[in-house]
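Let me begin by handing over the structure; questions about it come next.
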Amino acid sequence: MKRFLCLAMLAIVAGCGDVEMAYEEAASMDSAPAFAPEADYEAEYAAGKMAEPAPTEGESEPVGGRMLAYEYSAELQVPAVRVGPVMKAHMAECESAGPAICQVISSNQGGSGEDWSWASLEIRAARDWMGDFRTGLESDAKDANGKLSSSSMRAEDLTRTITDTTARLDAQITLRDRLLVLLEKDTDQVGDLLQIERELARVQGEIESAQSYLRVLQARVSMDKMSLSYQTLPQAVSSSTFESLGNAFKQFFGVLADSLATMVLFFAAILPWLIIGVPVLWLLLRIMRGRLNLRKKA
């Protein structure tokens, strides 16, 4: 029993050592900067040096090149009435390519009337399809009597992250295989079996977590992301230019009636005071004049 328990502990420690060695080995690689200059990435992309992520589970590093995740953004300015149709046309173009080529992540649209409108679209697509789509954005804007006002590109180097994750995954798979071998050995000690099963469950959970994370990273490398913003093209004169003047004429008679009503109410409020106050004031003035005349005669 003690011999079996010692073998189990040695296997677990050896497996953990493999995990640590694999991680240190991956960490010792020359790491590229997290974000490289846009010009360098564009040059590599044009020269065909961009390496696609390996789809197989056990592969830890591509044959050559770096694994880059590209993110693009662009803003189109078109007339307000064309904002919605242009955005929907781009969304339909992505959906028609199929989910394996292009995926719509989110879309939004808002605005009011013919003077102001906005929309946004976020997609993720295969690299070749995204290149053709980006090339056609300027012509799409011109066809809608608008323009491509801005565009940008951002690339993140995921080579180090994918390599580290793959190395950890390989080490965990090796540890799991060793635990399975120990679990198949004959033993009468239930406690030893339970301890190995608990360790096996923990290792299996880490393997599944690493596999899921690796799939996410590979998806980011294999499909580029793009955020599109659609804004209203500024116009010198629009239908709302004289809207305030028209509203003023519409409200003219209403404001005039309100002013007259205010004057009527004011007159109605002071009329009782005038009826009482004018005679009293006239009487006081007569009394004061009389006293002044008496003083002059004296």
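FYI, it's all coordinate maths here, none of it is from the lab. It should be emphasised that the depicted structure is a prediction, and the values quoted were computed from it without experimental measurement. Quick reminder, even Gly has a Cβ in these numbers, built from the backbone with ideal geometry, and neighbours come from all protein chains shown.
If amide H atoms are built 1.01 Å from N in the plane of the peptide, which residues on other chains or at least 5 residues away come under 5 Å of the amide H of R66?
Correct list: A51.
Two-decimal Rg/Rh of the range 74-183 from alpha-carbon positions, Kirkwood Rh?
With Rg and the Kirkwood Rh in hand, the quotient comes to 1.26.
Please give the length that would be gained between T135 and A268 if that part of the chain were fully extended, namely 0.36 nm times their separation in residues minus their C-alpha to C-alpha distance (nm, one decimal).
Residue separation times 0.36 nm, minus the Cα-Cα distance, leaves 40.4 nm.
Applying 1/(1 + (r/R0)^6) with R0 = 35 Å to the Cβ-Cβ distance of E122 and Q211, what FRET efficiency is obtained, to the nearest 0.05?
Computed FRET efficiency for E122 and Q211 comes out at 0.85.
Length gain on complete extension for the stretch R291 to L180, per 0.36 nm per residue less the alpha carbon to alpha carbon distance?
Gain in length upon complete extension: 27.2 nm.
Report, to two decimal places, the Cα Rg of the range 258-298 normalised by 2.2 N^0.38 Å (N = number of residues).
This ratio for the range 258-298 stands at 1.96.
Among Y72, Y230, Y213, which comes first, then next, by fewest other beta-carbon atoms within 10 Å?
Y213, Y72, Y230
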